[in-house]
Amino acid sequence: MVKESKISARQFAILVILFSIGTTILVIPGSLAQEVKQDAWIASVIGTGIGLLVVALYIAIGRMFPTMTLVEINETLFGKWLGKAVSLTFVFFTLYSATELLLYVGNFLTTQIMPDTPIEAIHILFACILIMGIRLGLETLARTGEILFPFIVFLFVILVVSVFLPPVQFKFENIQPVFETGLKPMIRAVFLFTSVFSLPLIVLLMIFPVSVNQPKAAEKNFFIGILIGGICLIIIIALTILVLGADNSARQMYPSYALARKINVGDFLQRVEAIMAIIWLITIYFKMVLYFYASVIGLALTLKMNNYRTLTLPLGMIVVSLSLIIHPNVAHSATFDKEVWPLYVSTYGLALPLLLIVVNAFRKKIKKISK
């Protein structure tokens with residue numbers, strides 16, 4: 001296996017922020033509004049708190065084997081053949097997730113910005129950038145994220161400030177009454193938020209702590225990154241409900257994009273939705289590239305290959321092909337995201353880490369008894 005250059009703890013924190021915001025910023029406000037209406041922002045607050053617990057779980061996994069990736073940990077704890085089998089299913093999970101995100105990009109651009117452009121062309125062009133990023137390596141991706149991050153923060157601040165400029169866009173009545181929804185809808189909403197926001201962070205165990213040059217600082221930055229990402233999402237979800245209202249947000253496919261469209265400051269500051277589109281495309285690229293990186297590195301490690309870059313083109317072609325067939329229409333994709341995805345991601349984001357901790361504790365106990 002070719003040794004990758006290590007990234008700094010700050011670069012890792014930026015990757016965590018970009019990854020956690022990713023698809024969530026555009027899609028999740030509508031999904032939460034469908035479940036808990038005006039209490040969507042409360043679900044995001046609770047979900048962010050759970051996200052911190054999920055990160056603590058992943059840090060515990062990283063501490064067990066600080067010099068190994070998740071795929072190598074699987075093989076160490078489960079044995080050679082069972083470990084490889086689990087790792088291959090994880091590789092498929094990450095590859096499928098990258099495919100889903102590529103489909104998101106195609107659907108968004110063809111429905112909102114470039115309706116006359118064939119979706120296949122968008123998928124191929126975006127996949128080319130994806131493959132290029134992986135071939136350049138993790139350090140290059142981290143540095144790119146470091147360069148683009150201030151730009152994203154600047155755009156986000158412009159977006160938020162624009163909502164508060166006169167004429168006043170928001171109404172506090174839209175989030176009242178508070179805590180009106182029952183317990184079951186709130187639990188479903190929190191689970192849905194967690195499944196998109198924090199559970200996919202299991203993918204980062206392919207680079208944390210093995211590819212970070214300051215593991216202790218990276219642990220702290222892991223928490224900081226997920227907290228900043230959560231706060232950004234809470235702000236966007238709250239503003240979406242305040243401006244559009246719960247019912248309108250629930251009906252929108254991309255409510256935060258519709259929020260940006262509403263902004264009109266003195267007939268001068270308009271078309272702010274372009275800002276939301278730029279933020280989303282940059283963050284979803286980093287989320288997609290980390291999924292794809294995990295699948296490429298995971299497969300290379302499982303097959304004991306010396307150079308992972310040879311896998312980038314064939315896997316990239318598979319991602320493009322799958323993106324055109326996994327969902328026949330947008331309704332099918334929305335149903336999958338709401339009913340299947342939370343359970344699917346929980347298998348790897350929650351069940352697998354807990355199982356690894358249990359198996360590791362059991363093996364330690366057996367060793368102690370045998371001594």
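The values are calculated or read from the model by the stated rules, or taken from the named source; none is laboratory data. Quantities reported herein were computed from a predicted structural model and do not represent experimental measurements. When we count neighbours, we look across all protein chains shown, and the Cβ atoms used for this are built from the backbone with ideal geometry, even at glycine. Please note that ligands, DNA and RNA were not included when accessible areas were found on the heavy atoms of the full protein model with its side chains. Shrake-Rupley method; radii C 1.70, N 1.55, O 1.52, S 1.80 Å.
Computed with a 1.4 Å probe on the full set of protein chains, the accessible area for residue 332 sits at about 80 Å². How large, in Å, is the chain by the Kirkwood hydrodynamic radius built from its alpha-carbon pairs? Result for the chain stands at 21.2 Å.
Ordering 142, 29, 341 by Cα displacement along the dipole of the chain toward the positive end leaves 142 in first place; charges were set at the Cβ atoms of Lys, Arg (+1) and Asp, Glu (-1).
Treating each Cα of the stretch 151-230 as one equal point scatterer and applying the Debye formula with no solvent, the log10 of I(q)/I(0) at q = 0.12 Å⁻¹ comes out as -0.65. Probing with 1.4 Å while keeping every protein chain in the model, the per residue accessible area of the chain equals 44 Å². Expressed as a fraction of 2.2 N^0.38 Å, the value expected for a compact globular protein of N residues, the C-alpha radius of gyration of the stretch 5-122 is 1.38. Along the chain, the longest continuous region that contains none of the chymotrypsin sites (Phe, Trp or Tyr not before Pro) in a DSSP loop with at most 15 other C-beta atoms within 10 Å is 1-178.
Pairs from the table (220/368; 6/80; 171/287) lying more than 29 angstrom apart at Cα are 220/368; 171/287.
Cross-link partners for residue 367 among the aspartates and glutamates, with Cα-Cα distance under 20 Å and sequence neighbours closer than 8 places in the same chain left out: 75.
Going by alpha carbons, how many degrees (0 to 90, nearest 10) lie between the helix axis of 80-108 and the longest principal axis of the chain? For helix 80-108, the angle is close to 20 degrees. Extending 7 Å from the Cα toward the beta-carbon at both residue 332 and residue 153 defines two label points whose distance is 4.3 nm. Once the Cα-Cα distance is subtracted from the 0.36 nm per residue extended length, the residue 125 to residue 224 segment shows a gain of 32.3 nm.
Taking other residues whose beta carbon is less than 12 angstrom from the beta carbon of residue 146, and scoring Lys, Arg as +1 and Asp, Glu as -1, yields +1.
Mind pulling the angle between the C-alpha long axis of helix 9-21 and the longest principal axis of the chain? Nearest 10 degrees, somewhere in 0 to 90. With rounding to tens, the tilt is 50 degrees.
Element breakdown for the stretch 30-82 at a 1.4 angstrom probe: carbon and sulfur atoms account for 69% of the accessible area. Under the combined filter of DSSP loop state and at most 12 neighbouring Cβ atoms within 10 Å, the stretch 1-80 retains these trypsin sites (Lys or Arg not before Pro): 3.
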